[in-house]
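Report on one structure; see the data block that follows.
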Amino acid sequence: MVRLRRQKIADQADRYYLYQESVQDSEAEIDFIEETWHKLRHRPAKLLREDFCGTLNTACEWVRRDTRHYAIGIDWDCDVLEWGRLNNLEQLDDDQFSRIILLQENVLEAQTESADIVLAMNFSYFLFLERGDLLEYFCAVHDALVDDGVFFLDAYGGYDAPKELIEERECDGFTYIWDQASFNPIDSRMTCHIHFEFSDKSRLDKAFSYDWRLWTLPEIRELLSEAGFAHSTVYWEGTDEESNEGNGVFAPTESGDADPGWICYIVAER
Ligand SMILES: C[S@@+](CC[C@H](N)C(=O)[O-])C[C@H]1O[C@@H](n2cnc3c(N)ncnc32)[C@H](O)[C@@H]1O
């Protein structure tokens, strides 16, 4: 007799799809970038370089927005680029497809045409653990921009950020679980995981894992300045009065609230 095992939802789950659905909001990101660019620069931006592009979701949104938009996506992982090519690039029409380039390279080494905009989103640059490495990356971005180019990056923090904790969020058809598994206050290094859980209680454990350093905003801004950026501005999220949660509207400020968990954009002008 053969004992059959019922297939679990997790067995068929696609971790890149789940990541896009739960973590990314490329439309809101590109809205912010377009509005901010428009306020800072009185000319249209054309070429956007998305560093650590993963599935290329944001680069695809950029080329969809305007027929004058071009994008370069850089990631060193061929699996994620291949997933992005099949699932995101192939959804573009021929004209949009012709305006996007993929590079499987290290962002520290990639040589690209000078871009109007460089993006490093979802805290990807936290993967640089040493001050010298983050400075080298910011110098590489500075070199990769045109004279009036702008670098957009995000950051997170707050008094819950250096804690070992687990947070769950319900998404459409699954639960997203953010696991801050370890934090070392001596070097600020932490290990975080993303797990996914499904309605049949099956799980995709450690679908993504990150060993990174929890950089602070003053450290990041000092390094941007050292790398040659003329200004860096923090865009802080407003609060929805009813829910007391972030409202998705980011405004420039020099003073933020001492929240348990915040995310912000940093806009560095060359
Ligand atoms: C946290 S994911 C970010 C994905 C996407 N940018 C987003 O906004 O969600 C980090 C990505 O950076 C890539 N990566 C890490 N270090 C890299 C490096 N030095 N050069 C190029 N890609 C790198 C990984 O392969 C991974 O796809």
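Legend: distances between Cα atoms for Lys163/Lys201; Lys163/Lys206; Lys8/Lys163; pairs beyond 28 Å are Lys8/Lys163. For the stretch 1-82, a crude dipole built from +1 on the beta carbon of Lys and Arg and -1 on the beta carbon of Asp and Glu, taken about the Cα centre, is about 160 debye to the nearest 20.
Find, to one decimal place in angstroms, the Kirkwood hydrodynamic radius of the stretch 227-270, where the mean of 1/r is taken over every pair of different Cα atoms and then inverted.
One decimal place: 11.5 Å for the Kirkwood radius.
Between the DSSP loop rule and a limit of at most 12 other Cβ atoms within 10 Å, which chymotrypsin sites (Phe, Trp or Tyr not before Pro) in the stretch 92-186 are left?
On the way: sites: Phe97, Phe123, Tyr125, Phe126, Phe128, Tyr137, Phe138, Phe151, Phe152, Tyr156, Tyr159, Phe174, Tyr176, Trp178, Phe183; in loops: Phe123, Phe128, Tyr159.
Passing both the DSSP loop test and the Cβ count: Tyr159.
Suppose R0 equals 22 Å. What FRET efficiency, 1/(1 + (r/R0)^6) with r the Cβ-Cβ distance, do Glu269 and His42 give to the nearest 0.05?
Details: r = 13 Å, r/R0 = 0.61.
The calculated FRET efficiency here is 0.95.
Using a simple spin-label model with pseudo-atoms 7 Å out from Cα toward Cβ, Trp178 and Ser225 lie 2.9 nm apart.
What residues qualify as long-range amide H neighbours of Trp262, i.e. H under 5 Å apart, gap of 5 or more or another chain, H built at 1.01 Å from N? Counting only residues 5 or more places away or on other chains, the set is Gly157, Gly158.
Calculate, in nm to one decimal, what Gln91 and Ala258 gain on full extension: separation in residues at 0.36 nm each, minus their alpha carbon distance. Walk me through the numbers before you get to the answer.
Values: separation 167, 0.36 × 167 = 60.12 nm, distance 4.18 nm.
Result for the pair: 55.9 nm of gain on full extension.
Counted over all Cα-Cα pairs of the chain, pairs farther apart than 35 Å make up 17 percent.
Taking N as the number of residues in the stretch 118-193, what value does Rg over Cα atoms divided by 2.2 N^0.38 Å take?
Numbers: Rg = 15.8 Å, N = 76, 2.2 N^0.38 = 11.4 Å.
After normalising by residue count via 2.2 N^0.38 Å, the value is 1.38.
Reported value for the stretch 1-130: 151 Å³ per residue, from the convex hull of its C-alpha atoms. What shape does the stretch 188-270 take by its C-alpha gyration tensor, where a ≥ b ≥ c are the square roots of the eigenvalues and a/c under 1.5 counts as rounded, a/b above b/c as prolate, and the rest as oblate? The shape class here is oblate. Distant-in-sequence amide contacts of Ala13, defined by a placed amide H-H separation under 5 Å and a gap of 5 or more residues or a different chain, comprise nothing.
If R0 is 51 Å, the Cβ-Cβ spacing of Tyr156 and Leu4 corresponds to a FRET efficiency of close to 0.70. Phi angles of the stretch 154-159 translate, via the Karplus equation with coefficients 6.51, -1.76, 1.60 and θ = phi - 60°, into HN-Hα couplings of 10, 8, 9, x, x, 6 Hz per residue; Gly and Pro are given as x. Over every Cα atom in the stretch 159-212, the radius of gyration and the widest Cα-Cα span, Dmax, amount to 12.4, 40 Å. Here's how it looks for His231: its modeled amide H is under 5 Å from those of Glu269, which are all 5 or more places away or on a different chain.
Quick check: the distance between the Cα centres of the stretch 125-179 and the stretch 238-261, to the nearest angstrom? Centre-to-centre (Cα) distance: 18 Å. The dipole here belongs to the stretch 159-212: it is taken about the Cα centre, uses +1 on the Cβ of Lys and Arg and -1 on the Cβ of Asp and Glu, and is about 120 debye.
Our estimate of slack between Ser243 and Asp187, defined as 0.36 nm per intervening residue step minus the Cα-Cα distance, is 16.7 nm.
Other residues within the sphere of radius under 9 Å centred on the Cβ of Gly248, judged by their own Cβ, net out at -3 (K and R +1, D and E -1).
Read-outs throughout are calculated quantities, based only on the coordinates presented, and are distinct from any laboratory measurement. These figures come from a predicted structure and were not determined experimentally. Note: ideal-geometry Cβ built from the backbone for every residue, glycine included; neighbour counts use all protein chains shown.
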